[in-house]
Ligand SMILES: [Zn+2]
(Lines give C-alpha, C1' and ligand atoms only; values in the text may rest on other atoms or scores of the structure.)
Protein backbone atom coordinates (compact mmCIF):
# COMPACT_ATOMS: atom_id res chain seq x y z
CA UNK A 1 0.00 0.00 0.00
CA UNK A 2 1.34 3.38 -1.00
CA UNK A 3 0.81 5.69 1.92
CA UNK A 4 1.94 8.72 -0.02
CA UNK A 5 -1.31 8.64 -1.99
CA UNK A 6 -3.32 8.60 1.16
CA UNK A 7 -1.46 10.64 3.74
CA UNK A 8 1.13 12.56 1.78
CA UNK A 9 0.83 15.94 0.15
CA UNK A 10 1.43 15.97 -3.58
CA UNK A 11 2.68 19.03 -5.46
CA UNK A 12 3.25 19.00 -9.21
CA UNK A 13 5.82 21.39 -10.69
CA UNK A 14 7.10 21.73 -14.25
CA UNK A 15 10.07 19.55 -13.23
CA UNK A 16 8.05 16.53 -12.09
CA UNK A 17 4.93 17.00 -14.20
CA UNK A 18 3.32 14.35 -16.38
CA UNK A 19 2.07 15.27 -19.84
CA UNK A 20 -1.17 17.20 -19.51
CA UNK A 21 -3.78 16.70 -22.22
CA UNK A 22 -6.60 19.17 -22.79
CA UNK A 23 -9.16 18.55 -25.56
CA UNK A 24 -6.93 15.88 -27.04
CA UNK A 25 -3.82 18.05 -27.23
CA UNK A 26 -0.79 18.21 -25.01
CA UNK A 27 -0.69 21.54 -23.19
CA UNK A 28 1.70 23.45 -20.98
CA UNK A 29 -0.44 24.38 -18.01
CA UNK A 30 2.15 26.96 -16.92
CA UNK A 31 1.83 28.80 -20.21
CA UNK A 32 0.38 32.30 -20.16
CA UNK A 33 -3.12 31.34 -21.27
CA UNK A 34 -3.57 28.46 -18.79
CA UNK A 35 -1.58 29.49 -15.71
CA UNK A 36 -4.49 31.48 -14.26
CA UNK A 37 -6.74 28.42 -14.00
CA UNK A 38 -4.81 26.31 -11.47
CA UNK A 39 -2.49 26.43 -8.44
CA UNK A 40 -4.24 29.37 -6.80
CA UNK A 41 -6.57 29.05 -3.84
CA UNK A 42 -10.19 30.16 -3.85
CA UNK A 43 -9.45 33.01 -1.46
CA UNK A 44 -6.59 34.20 -3.68
CA UNK A 45 -8.93 34.34 -6.68
CA UNK A 46 -11.59 36.15 -4.67
CA UNK A 47 -9.15 38.72 -3.31
CA UNK A 48 -7.71 39.39 -6.75
CA UNK A 49 -11.12 39.79 -8.42
CA UNK A 50 -12.48 41.92 -5.60
CA UNK A 51 -9.56 44.32 -5.98
CA UNK A 52 -10.10 44.50 -9.69
CA UNK A 53 -13.81 45.34 -9.21
CA UNK A 54 -12.82 48.03 -6.70
CA UNK A 55 -10.20 49.47 -9.05
CA UNK A 56 -12.87 49.82 -11.75
CA UNK A 57 -15.34 51.29 -9.25
CA UNK A 58 -17.87 48.53 -9.99
CA UNK A 59 -20.11 47.06 -7.27
CA UNK A 60 -19.55 43.29 -7.47
CA UNK A 61 -22.86 42.71 -5.68
CA UNK A 62 -25.04 44.88 -7.90
CA UNK A 63 -27.89 42.36 -7.78
CA UNK A 64 -28.32 43.17 -4.08
CA UNK A 65 -30.54 46.22 -3.59
CA UNK A 66 -29.35 48.62 -0.87
CA UNK A 67 -27.39 46.96 1.97
CA UNK A 68 -24.34 49.22 1.55
CA UNK A 69 -22.96 48.50 5.04
CA UNK A 70 -23.44 44.74 4.69
CA UNK A 71 -21.71 44.76 1.32
CA UNK A 72 -18.69 46.49 2.84
CA UNK A 73 -18.55 43.90 5.62
CA UNK A 74 -18.72 41.06 3.11
CA UNK A 75 -15.89 42.60 1.08
CA UNK A 76 -13.69 43.02 4.14
CA UNK A 77 -14.35 39.46 5.30
CA UNK A 78 -13.55 38.09 1.83
CA UNK A 79 -10.38 40.18 1.53
CA UNK A 80 -9.07 38.70 4.74
CA UNK A 81 -9.97 35.20 3.63
CA UNK A 82 -12.72 34.62 6.18
CA UNK A 83 -15.80 32.46 6.00
CA UNK A 84 -19.13 34.24 6.35
CA UNK A 85 -22.29 33.62 8.37
CA UNK A 86 -25.38 35.50 7.18
CA UNK A 87 -27.82 35.86 10.04
CA UNK A 88 -31.40 36.95 9.46
CA UNK A 89 -34.96 35.88 8.90
CA UNK A 90 -35.91 34.07 5.72
CA UNK A 91 -36.54 35.94 2.50
CA UNK A 92 -34.21 38.89 2.95
CA UNK A 93 -31.62 37.83 0.43
CA UNK A 94 -29.11 35.65 2.29
CA UNK A 95 -29.05 33.14 -0.56
CA UNK A 96 -28.92 35.83 -3.24
CA UNK A 97 -25.97 37.41 -1.45
CA UNK A 98 -24.08 34.13 -1.25
CA UNK A 99 -24.71 33.49 -4.95
CA UNK A 100 -23.50 36.95 -5.91
CA UNK A 101 -20.14 36.18 -4.27
CA UNK A 102 -19.73 33.35 -6.77
CA UNK A 103 -18.90 35.81 -9.52
CA UNK A 104 -15.61 36.59 -7.73
CA UNK A 105 -14.41 33.11 -8.71
CA UNK A 106 -12.92 32.51 -12.17
CA UNK A 107 -15.57 31.47 -14.69
CA UNK A 108 -13.75 28.18 -15.15
CA UNK A 109 -10.93 26.20 -13.58
CA UNK A 110 -8.64 23.48 -14.85
CA UNK A 111 -9.32 20.11 -13.25
CA UNK A 112 -8.22 16.51 -13.58
CA UNK A 113 -10.69 14.73 -15.84
CA UNK A 114 -12.84 12.19 -14.03
CA UNK A 115 -11.99 13.44 -10.55
CA UNK A 116 -15.01 13.32 -8.25
CA UNK A 117 -14.01 16.59 -6.58
CA UNK A 118 -12.43 18.34 -9.58
CA UNK A 119 -8.86 18.30 -8.31
CA UNK A 120 -6.30 20.89 -9.28
CA UNK A 121 -3.70 19.15 -11.52
CA UNK A 122 -0.85 20.74 -9.54
CA UNK A 123 -2.20 19.95 -6.09
CA UNK A 124 -4.58 16.97 -6.06
CA UNK A 125 -6.41 16.09 -2.86
CA UNK A 126 -8.09 12.77 -3.61
CA UNK A 127 -6.09 9.48 -3.46
CA UNK A 128 -6.84 8.52 -7.00
CA UNK A 129 -5.55 11.80 -8.49
CA UNK A 130 -2.44 11.81 -6.26
CA UNK A 131 -1.58 8.40 -7.67
CA UNK A 132 -2.35 9.48 -11.22
CA UNK A 133 -0.12 12.55 -11.28
CA UNK A 134 2.77 10.68 -9.66
CA UNK A 135 2.57 7.51 -11.72
CA UNK A 136 0.91 8.13 -15.05
CA UNK A 137 2.60 9.59 -18.06
CA UNK A 138 -0.41 11.44 -19.40
CA UNK A 139 -3.14 13.14 -17.45
CA UNK A 140 -6.29 14.36 -19.13
CA UNK A 141 -7.66 17.71 -17.99
CA UNK A 142 -10.98 19.49 -18.35
CA UNK A 143 -12.33 22.94 -17.65
CA UNK A 144 -15.01 22.99 -14.97
CA UNK A 145 -17.47 25.86 -14.44
CA UNK A 146 -17.45 27.71 -11.12
CA UNK A 147 -19.22 25.89 -8.32
CA UNK A 148 -21.81 27.01 -5.75
CA UNK A 149 -22.96 23.99 -3.79
CA UNK A 150 -26.02 24.41 -1.57
CA UNK A 151 -26.00 22.24 1.55
CA UNK A 152 -29.44 22.25 3.16
CA UNK A 153 -29.58 22.29 6.96
CA UNK A 154 -31.24 18.92 7.31
CA UNK A 155 -31.52 17.48 10.84
CA UNK A 156 -31.59 13.99 9.26
CA UNK A 157 -28.40 14.54 7.27
CA UNK A 158 -25.93 11.66 7.40
CA UNK A 159 -22.14 11.79 7.52
CA UNK A 160 -22.04 10.15 4.10
CA UNK A 161 -24.30 12.81 2.59
CA UNK A 162 -22.44 15.70 4.17
CA UNK A 163 -18.77 14.70 4.21
CA UNK A 164 -18.76 11.51 2.21
CA UNK A 165 -17.36 8.04 2.61
CA UNK A 166 -13.65 7.26 2.88
CA UNK A 167 -12.28 3.83 3.73
CA UNK A 168 -8.61 2.99 4.21
CA UNK A 169 -9.77 -0.52 5.08
CA UNK A 170 -11.09 -1.04 1.54
CA UNK A 171 -7.74 0.07 0.10
CA UNK A 172 -6.03 -2.53 2.31
CA UNK A 173 -8.48 -5.10 0.98
CA UNK A 174 -7.25 -4.29 -2.50
CA UNK A 175 -10.02 -2.08 -3.81
CA UNK A 176 -9.05 0.35 -6.53
CA UNK A 177 -8.47 3.94 -5.33
CA UNK A 178 -11.27 5.06 -7.64
CA UNK A 179 -13.76 2.61 -6.17
CA UNK A 180 -16.85 4.24 -4.63
CA UNK A 181 -16.33 2.16 -1.47
CA UNK A 182 -12.90 3.77 -1.09
CA UNK A 183 -13.91 7.34 -1.74
CA UNK A 184 -17.31 8.92 -2.34
CA UNK A 185 -17.40 12.64 -1.73
CA UNK A 186 -20.34 14.16 0.16
CA UNK A 187 -21.67 17.63 -0.52
CA UNK A 188 -18.93 19.54 1.27
CA UNK A 189 -16.14 17.77 -0.59
CA UNK A 190 -17.97 18.39 -3.86
CA UNK A 191 -17.62 22.09 -3.10
CA UNK A 192 -13.82 21.74 -3.38
CA UNK A 193 -12.53 24.73 -5.38
CA UNK A 194 -15.91 26.44 -5.09
CA UNK A 195 -18.38 27.87 -2.62
CA UNK A 196 -20.15 25.70 -0.04
CA UNK A 197 -23.40 27.38 0.99
CA UNK A 198 -24.80 25.98 4.24
CA UNK A 199 -28.44 26.95 4.22
CA UNK A 200 -29.46 26.84 7.91
CA UNK A 201 -26.18 25.60 9.29
CA UNK A 202 -27.73 25.37 12.77
CA UNK A 203 -30.06 22.61 11.61
CA UNK A 204 -27.20 20.25 10.80
CA UNK A 205 -26.84 17.65 13.60
CA UNK A 206 -24.22 18.76 16.13
CA UNK A 207 -22.10 15.61 15.64
CA UNK A 208 -21.78 16.51 11.96
CA UNK A 209 -20.92 20.08 12.85
CA UNK A 210 -17.97 18.67 14.78
CA UNK A 211 -16.86 16.81 11.65
CA UNK A 212 -17.15 20.02 9.66
CA UNK A 213 -14.98 21.79 12.15
CA UNK A 214 -12.37 19.05 11.81
CA UNK A 215 -12.53 19.39 8.03
CA UNK A 216 -12.23 23.19 7.97
CA UNK A 217 -9.84 23.66 10.86
CA UNK A 218 -7.60 20.58 10.78
CA UNK A 219 -8.27 19.93 7.08
CA UNK A 220 -8.73 16.26 7.79
CA UNK A 221 -11.43 13.63 8.14
CA UNK A 222 -11.79 10.82 10.64
CA UNK A 223 -13.11 7.75 8.82
CA UNK A 224 -15.74 5.47 10.40
CA UNK A 225 -12.84 3.02 10.96
CA UNK A 226 -11.02 5.64 12.99
CA UNK A 227 -8.27 6.56 10.51
CA UNK A 228 -7.42 10.21 10.28
CA UNK A 229 -7.08 11.19 6.64
CA UNK A 230 -5.91 14.56 5.37
CA UNK A 231 -8.49 16.23 3.14
CA UNK A 232 -7.09 19.59 2.25
CA UNK A 233 -10.14 20.79 0.44
CA UNK A 234 -10.25 24.42 -0.58
CA UNK A 235 -13.69 25.94 -0.19
CA UNK A 236 -15.17 29.28 0.73
CA UNK A 237 -17.77 28.50 3.37
CA UNK A 238 -20.83 30.74 3.47
CA UNK A 239 -23.54 29.86 5.95
CA UNK A 240 -26.93 31.21 6.81
CA UNK A 241 -28.95 31.03 9.96
CA UNK A 242 -32.19 32.37 11.32
CA UNK A 243 -32.14 34.20 14.64
CA UNK A 244 -31.85 31.65 17.45
CA UNK A 245 -35.37 32.13 18.80
CA UNK A 246 -36.83 31.14 15.47
CA UNK A 247 -38.91 27.95 15.40
CA UNK A 248 -37.21 24.65 14.67
CA UNK A 249 -33.68 25.95 14.41
CA UNK A 250 -30.98 24.61 16.65
CA UNK A 251 -27.72 26.29 17.46
CA UNK A 252 -24.46 26.47 15.67
CA UNK A 253 -21.65 24.88 17.63
CA UNK A 254 -19.25 27.35 19.18
CA UNK A 255 -16.06 26.12 17.46
CA UNK A 256 -17.76 26.51 14.08
CA UNK A 257 -19.13 29.95 14.94
CA UNK A 258 -15.62 30.97 15.83
CA UNK A 259 -14.57 30.22 12.25
CA UNK A 260 -16.99 32.66 10.62
CA UNK A 261 -17.74 36.36 10.49
CA UNK A 262 -21.38 37.10 11.27
CA UNK A 263 -23.17 39.60 9.05
CA UNK A 264 -26.79 40.44 9.83
CA UNK A 265 -29.19 40.60 6.89
CA UNK A 266 -32.44 42.39 7.68
CA UNK A 267 -35.43 43.62 5.69
CA UNK A 268 -34.97 46.40 3.11
CA UNK A 269 -34.50 49.74 4.82
CA UNK A 270 -36.81 51.78 2.61
CA UNK A 271 -40.04 51.26 0.67
CA UNK A 272 -38.12 52.18 -2.50
CA UNK A 273 -35.70 49.29 -1.90
CA UNK A 274 -38.59 46.95 -1.13
CA UNK A 275 -40.25 47.91 -4.43
CA UNK A 276 -37.00 47.50 -6.37
CA UNK A 277 -36.47 44.01 -4.92
CA UNK A 278 -40.08 43.11 -5.74
CA UNK A 279 -39.82 44.27 -9.34
CA UNK A 280 -36.46 42.62 -9.97
CA UNK A 281 -37.59 39.23 -8.72
CA UNK A 282 -41.07 38.94 -10.22
CA UNK A 283 -41.94 35.87 -12.28
CA UNK A 284 -44.10 37.93 -14.63
CA UNK A 285 -41.42 40.06 -16.19
CA UNK A 286 -43.81 41.66 -18.68
CA UNK A 287 -47.50 42.46 -18.71
CA UNK A 288 -49.71 45.28 -17.51
CA UNK A 289 -47.88 48.16 -15.81
CA UNK A 290 -47.96 48.34 -12.04
CA UNK A 291 -48.17 52.11 -11.48
CA UNK A 292 -46.16 53.69 -8.72
CA UNK A 293 -49.21 54.19 -6.43
CA UNK A 294 -50.01 50.48 -6.49
CA UNK A 295 -46.38 49.55 -5.88
CA UNK A 296 -46.41 51.81 -2.82
CA UNK A 297 -49.74 50.52 -1.49
CA UNK A 298 -48.60 46.89 -1.76
CA UNK A 299 -45.04 47.36 -0.49
CA UNK A 300 -46.27 49.44 2.45
CA UNK A 301 -48.79 46.74 3.34
CA UNK A 302 -45.99 44.20 3.69
CA UNK A 303 -43.72 46.66 5.50
CA UNK A 304 -46.46 47.61 7.94
CA UNK A 305 -46.76 43.96 9.00
CA UNK A 306 -43.08 44.04 10.02
CA UNK A 307 -43.33 47.35 11.81
CA UNK A 308 -43.48 47.51 15.61
CA UNK A 309 -45.96 50.39 15.27
CA UNK A 310 -48.38 48.34 13.17
CA UNK A 311 -51.66 48.03 15.03
CA UNK A 312 -51.47 44.27 14.74
CA UNK A 313 -47.78 44.10 15.61
CA UNK A 314 -48.28 42.18 18.85
CA UNK A 315 -50.35 39.56 17.02
CA UNK A 316 -48.00 38.92 14.13
CA UNK A 317 -45.48 36.27 15.15
CA UNK A 318 -43.76 35.68 11.86
CA UNK A 319 -43.48 38.63 9.53
CA UNK A 320 -43.80 38.47 5.74
CA UNK A 321 -40.49 38.68 3.88
CA UNK A 322 -39.65 40.20 0.50
CA UNK A 323 -41.14 37.11 -1.10
CA UNK A 324 -44.54 38.45 -0.05
CA UNK A 325 -43.83 41.69 -1.89
CA UNK A 326 -42.60 39.82 -4.96
CA UNK A 327 -45.70 37.61 -5.05
CA UNK A 328 -48.04 40.56 -4.47
CA UNK A 329 -46.63 42.26 -7.53
CA UNK A 330 -46.92 39.04 -9.53
CA UNK A 331 -50.52 38.40 -8.51
CA UNK A 332 -51.84 41.91 -9.21
CA UNK A 333 -50.13 41.87 -12.59
CA UNK A 334 -51.61 38.42 -13.30
CA UNK A 335 -55.04 39.69 -12.35
CA UNK A 336 -54.68 42.76 -14.56
CA UNK A 337 -53.59 40.53 -17.42
CA UNK A 338 -56.67 38.34 -17.06
CA UNK A 339 -58.95 41.39 -16.92
CA UNK A 340 -57.17 42.88 -19.94
CA UNK A 341 -56.18 46.02 -18.06
CA UNK A 342 -53.32 48.07 -19.48
CA UNK A 343 -52.25 48.89 -15.94
CA UNK A 344 -53.15 47.51 -12.52
CA UNK A 345 -56.48 48.80 -11.17
CA UNK A 346 -57.97 48.56 -7.67
CA UNK A 347 -60.22 45.76 -8.96
CA UNK A 348 -57.05 43.69 -9.39
CA UNK A 349 -56.78 43.41 -5.61
CA UNK A 350 -59.95 41.28 -5.77
CA UNK A 351 -63.42 42.24 -4.61
CA UNK A 352 -62.58 41.29 -1.04
CA UNK A 353 -58.83 41.66 -1.59
CA UNK A 354 -58.54 37.92 -2.42
CA UNK A 355 -55.59 38.57 -4.70
CA UNK A 356 -53.67 40.27 -1.91
CA UNK A 357 -54.66 37.57 0.56
CA UNK A 358 -53.40 34.93 -1.87
CA UNK A 359 -49.92 36.45 -1.73
CA UNK A 360 -49.83 37.12 2.00
CA UNK A 361 -51.70 34.44 3.90
CA UNK A 362 -49.05 31.74 3.77
CA UNK A 363 -46.27 34.26 4.39
CA UNK A 364 -46.99 35.46 7.91
CA UNK A 365 -48.11 33.86 11.15
CA UNK A 366 -50.35 35.19 13.90
CA UNK A 367 -50.50 33.96 17.48
CA UNK A 368 -53.07 31.25 18.04
CA UNK A 369 -55.15 33.09 20.60
CA UNK A 370 -55.76 36.01 18.33
CA UNK A 371 -59.43 36.87 17.82
CA UNK A 372 -59.00 38.46 14.43
CA UNK A 373 -58.31 36.22 11.47
CA UNK A 374 -55.48 36.60 9.01
CA UNK A 375 -58.07 37.73 6.45
CA UNK A 376 -59.15 40.60 8.65
CA UNK A 377 -55.60 41.63 9.43
CA UNK A 378 -54.73 41.73 5.73
CA UNK A 379 -57.88 43.70 4.82
CA UNK A 380 -57.34 46.25 7.57
CA UNK A 381 -53.68 46.82 6.87
CA UNK A 382 -54.23 47.04 3.11
CA UNK A 383 -57.02 49.54 3.68
CA UNK A 384 -54.74 51.65 5.87
CA UNK A 385 -52.11 51.51 3.16
CA UNK A 386 -54.60 52.61 0.46
CA UNK A 387 -55.68 55.44 2.80
CA UNK A 388 -52.15 56.62 3.25
CA UNK A 389 -51.20 56.57 -0.46
CA UNK A 390 -54.54 58.21 -1.36
CA UNK A 391 -53.85 60.86 1.29
CA UNK A 392 -50.57 61.75 -0.37
CA UNK A 393 -52.23 61.93 -3.81
CA UNK A 394 -55.10 64.03 -2.44
CA UNK A 395 -52.61 66.52 -1.05
CA UNK A 396 -51.14 66.92 -4.55
CA UNK A 397 -54.41 68.25 -6.01
CA UNK A 398 -54.23 72.08 -6.10
CA UNK A 399 -57.26 73.79 -4.54
CA UNK A 400 -58.60 75.39 -7.77
CA UNK A 401 -58.07 72.14 -9.70
CA UNK A 402 -59.99 70.27 -7.02
CA UNK A 403 -62.92 72.67 -7.42
CA UNK A 404 -62.97 72.14 -11.18
CA UNK A 405 -62.83 68.38 -10.82
CA UNK A 406 -65.74 68.33 -8.41
CA UNK A 407 -67.78 70.57 -10.74
CA UNK A 408 -67.08 68.19 -13.59
CA UNK A 409 -68.11 65.17 -11.58
CA UNK A 410 -71.26 66.94 -10.37
CA UNK A 411 -72.23 67.57 -14.00
CA UNK A 412 -71.54 63.98 -15.06
CA UNK A 413 -73.05 62.36 -11.94
CA UNK A 414 -71.32 59.06 -12.79
CA UNK A 415 -67.67 58.81 -13.80
CA UNK A 416 -66.21 55.83 -15.58
CA UNK A 417 -62.43 55.94 -15.06
CA UNK A 418 -61.81 54.39 -18.47
CA UNK A 419 -63.50 57.34 -20.27
CA UNK A 420 -62.36 60.10 -17.92
CA UNK A 421 -61.76 63.52 -19.48
CA UNK A 422 -61.39 67.19 -18.65
CA UNK A 423 -59.58 68.53 -15.58
CA UNK A 424 -59.68 65.14 -13.81
CA UNK A 425 -57.83 63.54 -16.70
CA UNK A 426 -55.35 66.40 -16.90
CA UNK A 427 -54.52 66.14 -13.22
CA UNK A 428 -54.35 62.31 -13.36
CA UNK A 429 -51.95 62.42 -16.29
CA UNK A 430 -49.58 64.50 -14.15
CA UNK A 431 -49.21 61.40 -11.94
CA UNK A 432 -48.35 59.11 -14.87
CA UNK A 433 -44.97 58.00 -16.11
CA UNK A 434 -46.59 56.31 -19.12
CA UNK A 435 -49.75 56.83 -21.13
CA UNK A 436 -50.99 53.29 -20.32
CA UNK A 437 -51.30 54.23 -16.66
CA UNK A 438 -53.89 56.93 -17.26
CA UNK A 439 -57.06 54.99 -16.33
CA UNK A 440 -55.35 53.73 -13.20
CA UNK A 441 -54.30 57.30 -12.36
CA UNK A 442 -57.84 58.62 -12.86
CA UNK A 443 -59.09 55.83 -10.59
CA UNK A 444 -56.60 56.48 -7.79
CA UNK A 445 -57.39 60.23 -7.96
CA UNK A 446 -61.11 59.49 -7.59
CA UNK A 447 -60.37 57.00 -4.83
CA UNK A 448 -58.34 59.70 -3.07
CA UNK A 449 -61.24 62.18 -3.38
CA UNK A 450 -63.65 59.50 -2.16
CA UNK A 451 -61.57 58.57 0.85
CA UNK A 452 -60.47 62.07 1.82
CA UNK A 453 -63.50 64.24 1.00
CA UNK A 454 -66.41 61.82 0.81
CA UNK A 455 -67.79 63.75 -2.20
CA UNK A 456 -67.72 60.71 -4.46
CA UNK A 457 -68.20 57.01 -3.85
CA UNK A 458 -66.83 53.95 -5.57
CA UNK A 459 -69.54 51.71 -7.09
CA UNK A 460 -67.81 48.74 -8.65
CA UNK A 461 -64.87 48.37 -11.01
CA UNK A 462 -63.80 51.81 -12.20
CA UNK A 463 -67.16 53.53 -11.53
CA UNK A 464 -67.47 56.47 -9.16
CA UNK A 465 -70.73 58.25 -8.32
CA UNK A 466 -71.18 61.86 -7.22
CA UNK A 467 -72.47 61.61 -3.65
CA UNK A 468 -74.87 64.60 -3.77
CA UNK A 469 -76.47 63.08 -6.89
CA UNK A 470 -76.67 59.73 -5.12
CA UNK A 471 -78.60 61.34 -2.25
CA UNK A 472 -81.14 63.00 -4.58
CA UNK A 473 -82.11 59.79 -6.37
ZN1 LIG B 1 -9.08 13.78 -7.56
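The values are calculated or read from the model by the stated rules, or taken from the named source; none is laboratory data. Worth saying up front: this structure is predicted, and the values here are computed from it rather than measured. Here Cβ is always computed from backbone atoms with ideal geometry, including for glycine, and neighbour counts include all displayed protein chains.
Counting only residues that are in contact (Cβ under 8 Å) with a residue 60 or more places away in the chain, give me the strands (runs of 3 or more DSSP E) lying completely in region 171-261 with at least 3 of them.
Where strands (runs of 3 or more DSSP E) fall fully within region 171-261 and carry at least 3 residues being in contact (Cβ under 8 Å) with a residue 60 or more places away in the chain, they are 183-185, 194-199, 235-241.
Given the structure, is residue 265 closer than 30 Å to residue 208 by Cβ and under 15 Å from the mean Cα position of the chain (by Cα)? So residue 265 passes the test.
Every condition in (1) within 21 Å of residue 357 (Cβ to Cβ); (2) at pLDDT below 95 is met by residue 382 except one, and the failing one is (2). Going through region 87-142 one residue at a time, which ones are over 24 Å from residue 52 (Cβ atoms) and within 22 Å of the chain's Cα centre (by Cα)? Of everything in region 87-142, those that are over 24 Å from residue 52 (Cβ atoms) and within 22 Å of the chain's Cα centre (by Cα) turn out to be 87, 88, 89, 90, 91, 92, 93, 94, 95. All of 185, 152 fail the test of being surrounded by fewer than 18 Cβ atoms within 10 Å (Cβ to Cβ) and assigned by TED's automatic domain parsing to the domain that holds residue 213, apart from 152. Of the residues making up region 342-371, those that are in contact with a helix residue (DSSP H, G or I) (Cβ under 8 Å, 6 or more places away or on another chain), farther than 22 Å from residue 464 by Cα and not in a helix (DSSP H, G or I) are 364, 366.
Condition (residue is buried (at least 20 other Cβ atoms within 10 Å of the Cβ), more than 14 Å from residue 38 (Cβ to Cβ), in contact (Cβ under 8 Å) with a residue 60 or more places away in the chain and out of contact with any strand residue (DSSP E or B) (no Cβ under 7 Å at 6 or more places or on another chain)) applied to region 92-110: is it met by at least one residue? The answer is yes, given that some residue of region 92-110 is buried (at least 20 other Cβ atoms within 10 Å of the Cβ), more than 14 Å from residue 38 (Cβ to Cβ), in contact (Cβ under 8 Å) with a residue 60 or more places away in the chain and out of contact with any strand residue (DSSP E or B) (no Cβ under 7 Å at 6 or more places or on another chain). Taken over region 65-84, residues that are crowded, with 20+ Cβ neighbours inside 10 Å and within 14 Å of residue 266 (Cα to Cα) amount to 2.
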